[in-house]
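The values are calculated or read from the model by the stated rules, or taken from the named source; none is laboratory data. The structure presented is a predicted model; accordingly, all values stated were derived computationally and were not measured. Every residue, glycine among them, receives a Cβ derived from its backbone with ideal geometry; neighbour counts consider all protein chains shown. Surface areas here come from the heavy atoms of the whole protein model, side chains and all, with no ligands, DNA or RNA. Shrake-Rupley method; radii C 1.70, N 1.55, O 1.52, S 1.80 Å.
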Amino acid sequence: MWRKSSHSGTGDQSVCVEVADLPTGIGIRDSKNPHIGHLTITPDAFVTLLTRAKRDELNL
């Protein structure tokens, strides 16, 4: 099941990625273009991605 952040907008203002727990890892896709495919990364890489994104967000 794909899900997106509650922090994303709604309708045409929605700019977000969706994530899903997949058998092969964590899936990441563009919420506005889900038909073009997705990126799959390991759970450890996903944790690193989120940690880095949160850290960089605080340094804006």
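Structure notes:
- Qualifying positions in region 1-22 - open to solvent by 90 Å² or more (accessible area, probe 1.4 Å) and at pLDDT 95 or above: 21
- Close pairs (8 angstrom Cβ cut-off, 6 or more residues apart or separate chains): in contact (Cβ under 8 Å) with a residue 24 or more places away in the chain in region 34-45, open to solvent by less than 100 Å² (accessible area, probe 1.4 Å) and of a type outside the set (Gly, Ala, Ser) anywhere: 34/2; 34/18
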